[in-house]
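Q: Structure provided below as structure tokens; questions to follow.
The values are calculated or read from the model by the stated rules, or taken from the named source; none is laboratory data. The structure presented is a predicted model; accordingly, all values stated were derived computationally and were not measured. With ideal geometry, Cβ positions are generated from the backbone for all residues, glycine too; neighbour counts draw on all protein chains shown. To get the accessible areas, we keep the full protein, side chains included, count just its heavy atoms, and leave off ligands, DNA and RNA. Shrake-Rupley method; radii C 1.70, N 1.55, O 1.52, S 1.80 Å.
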Amino acid sequence: MAESTLSARALDNLLGDWRSGAGSAYHALAERIRLLVLDGRIPVDTRLPAERDLAERLGLSRTTVTAAYRHLREQGLVLSVRGSGSVARLPGAPTMLPPAPAADYIDFSKAAPTALPWLPDLARQAVEDLPEHLGDAGFDPIGTPALRAAIADRYTARGLPTTPEQIMVTIGAQHAIALLSRALIGRGDRAIIEAPTYPHAYEALRAAGARLVPVGVAPRDDVDPDGRAEAEALVRAIGHSNPVAAYLMPDFQNPTGRSMSAETRERVLDAAARQGTVIVADETTGELDIDRPESLLPMAAYGPAIMVGSVGKTVWGGVRVGWIRADRPLIRRLLAVRSPGDLGTPIIEQLLVTRALPHMDDILDLRREQLRAGRDRLEGLLAQAFPEWQVPHVDGGIVTWVGLGAAVSSQLALAARSQGLIIAAGPRFGIDGAFERFLRLPICYPAETTDAAVQALARAWRSLSGAAPVPDQSLLASVI
């Protein structure tokens, strides 16, 4: 049975400018729907619009839509049952799971550094700490006292006085965002998001019933260098839409890489306090500073805000530990929201993070060195291979938001797959199919992976109609 139904209008919004490029209309339509399924914008088990409805919406013949659906069925991406319609599928994969890339694919869609080199040592130390916890049930919904104290101490050291009672330990930052969405949002409530933004965050807000109010953001070296236009837009949206909550990434935003100035933080938090809007500040990348000229405190140091953090971008994404910093009444409400879904974060991972946090300064020194090398290498390669692209110079974080100069991001993502490269198309970070002119690329991969990814990207770009020729190995070598 289909989990949800996608209307013809909603699919039209997601498709964007799918007609661009050569080839038959049915094949172009099928390929764009294929990408939407592969990158998760159309979830598995979603019922697609009826052929007649989609044909009318797109101004096509029903024969064209029928042929597109048939092509998707042949690829294993659509299952059609008489009387039940056509449902999105992934060939050979369980329901609701993304397709696992083949071993020879480079997955550039994930923005996450490799594990710390001394992570095995931390894991062994955590195992040594385990016996003292074996006398109780082994789970609790709020986190071990030692880890909560360590997280609170880290905030305090960064200029935000915090007590352990203000901390809840979660199963990663995404879990924290989902818990907050369920605790703060009622069906039909408005919630502000940045556009573009981290897609799983707006999915969590939507799942809680929120009506999303997007506010545009851009890299700081783009159209809004001092952030004043963004601040004004956020303040205006808070005042006009009366949102219950706003999900923001104040530091090294994913995907644009921009950071809010201290003035912007103060203005937004002041507007939210006056309106009664709860600010949720995602600090997952907050300490990944490479060479940012301004030293900034955690957002809650400038006014009332809930903080979300994790070790996914510092220690390793495979260590599923995050946290929420909030006032104690909200922590109590979160406990009630959490218990029907899970009973707590695994103890062994909490012990590992408790061991890691006292060494966070050393961890960040390593990550900054890695990110600086990754950023400089990627920027140099892109400048040589794609001189027409706009590549902002980010001063921290894990990604860069590249302007392609044309609305071809989804086409490029499809072409890249044929070259053994998986990339996240720009519309994955917006709602209703926006950002076709942009591409998010990670700066956190090892040099050899980045080199191979740019070479594959260049081949994909050449395959698009009117694209620049692919640079040869000697050109790439001159950058390397």
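Q: Report the gain in length on full extension from Thr156 to Asp327: 0.36 nm times residue separation, minus Cα-Cα distance, nm rounded to one decimal.
A: Residue separation times 0.36 nm, minus the Cα-Cα distance, leaves 60.1 nm.
Q: Separate question: Give the dimensionless ratio obtained when the Cα radius of gyration of segment 117-359 is divided by 2.2 N^0.38 Å.
A: 1.01
Q: Name the residue farthest towards the positive end of the dipole of the chain from the options Ser84, Gly344, Leu122, assuming +1 on Cβ of Lys and Arg, -1 on Cβ of Asp and Glu, about the Cα centre.
A: Value computed over the given set: Ser84.
Q: Another one. Explain nothing, just the number: dipole magnitude of segment 130-209 about its Cα centre with +1 on each Lys and Arg Cβ and -1 on each Asp and Glu Cβ, in debye rounded to the nearest 20.
A: Once rounded to the nearest 20, the dipole reads 340 debye.
Q: Arg332: net charge of surrounding residues, Cβ under 13 Å, Lys/Arg +1, Asp/Glu -1, itself excluded?
A: +1
Q: Give me the percent of accessible area attributable to carbon and sulfur for the chain, probe 1.4 angstrom.
A: 53
Q: Another question, if that's okay. Just for the chain, what percent of DSSP beta bridges are antiparallel, to the closest 5?
A: Restricted to the chain, the bridges split so that about 50 percent are antiparallel.
Q: Could you tell me what fraction of 2.2 N^0.38 Å the Cα radius of gyration of the chain comes to, as a two-decimal ratio?
A: Scaled against compact globular proteins, the figure is 1.00.
Q: Let me ask you something else. Taking the Cα centre of segment 117-359 as the origin, how large is its charge dipole in debye, to the nearest 20, when only Lys and Arg (+1) and Asp and Glu (-1) carry charge on their Cβ atoms?
A: It comes to approximately 800 debye.
Q: Compute the FRET efficiency between Gln390 and Arg73 as 1/(1 + (r/R0)^6), taking r as their Cβ-Cβ distance and R0 = 41 Å, and round to the nearest 0.05.
A: Once rounded, the FRET efficiency stands at 0.55.
Q: In terms of the Cα gyration tensor, with a ≥ b ≥ c the square roots of its eigenvalues, is segment 345-395 rounded because a/c is under 1.5, prolate because a/b exceeds b/c, or oblate?
A: Prolate, since a/c reaches 1.5 and a/b exceeds b/c.
Q: For n ≥ 4 DSSP H runs only, could you compute -39500 (n - 2.57) per run for the chain, divide by its residues and tell me the 222 nm figure to the nearest 500?
A: Using -39500 (n - 2.57) per qualifying helix, the result is -12500 deg cm²/dmol.
Q: Work out how much length Ala10 to Ser295 would gain on full extension: take 0.36 nm times their residue separation and subtract the Cα-Cα distance, in nm to one decimal.
A: Length gained, Ala10 through Ser295: 98.4 nm.
Q: Counting heavy atoms of the protein chains only and a 1.4 Å probe, report the per residue accessible area for segment 375-455 as a whole number of Å².
A: With all protein chains present, segment 375-455 gives 28 Å² per residue.
Q: Would any residue of segment 238-264 have its amide N under 15 Å from a label point 7 Å out along Cα→Cβ of Ala273? List them or say none.
A: Residues passing the 15 Å test: 263-264.
Q: Considering Cα pairs under 8 angstrom that are at least six residues apart, work out the relative contact order of segment 117-359 and quote it in whole percent.
A: Value for segment 117-359: 29 percent.
Q: Suppose every Lys and Arg Cβ carries +1 and every Asp and Glu Cβ carries -1, with no other charges. What dipole size does the chain come out with about its Cα centre, to the nearest 20 debye?
A: That gives the chain a dipole magnitude of about 1720 debye.
Q: Can you figure out the FRET efficiency of Ser463 with Lys110, using R₀ = 30 Å and their beta-carbon distance, to the nearest 0.05?
A: According to the calculation, E is roughly 0.80.
Q: Listed highest first by mean packing, meaning other Cβ atoms within 10 Å per residue, what order do 121-127, 440-446 come in?
A: In descending order of packing, they fall as 440-446, 121-127.
Q: If a/c stays under 1.5 just call it rounded; otherwise compare a/b with b/c (prolate if a/b is bigger, oblate if not). Do that for segment 168-213, with a ≥ b ≥ c from the square roots of the Cα gyration tensor eigenvalues.
A: oblate
Q: Further question: Could you tell me the relative contact order of segment 232-286? Use alpha-carbon pairs under 8 Å, at least six residues apart, and round to a whole percent.
A: 50
Q: Select from the chain the helices, each a whole stretch of DSSP H, whose alpha-carbon atoms run 27 Å or more along the helix axis and whose Kyte-Doolittle mean is at least -1.0; answer none if there are none.
A: Taking the DSSP H segments of the chain (at least 27 Å long, mean hydropathy at least -1.0), we get 360-385.
Q: May I pose another question? Say R0 is 45 Å: what FRET efficiency, to the nearest 0.05, do Trp118 and Thr63 get from their beta-carbon distance?
A: FRET efficiency, Trp118 to Thr63: 0.15.
Q: List the relative contact order of the chain as a percent without decimals, with contacts defined as Cα pairs under 8 Å and 6+ residues apart.
A: Reported relative contact order: 18 percent.
Q: Leaving out ligands and nucleic acids, and using a 1.4 Å probe, what accessible area per residue does segment 117-359 come to in Å²?
A: 40
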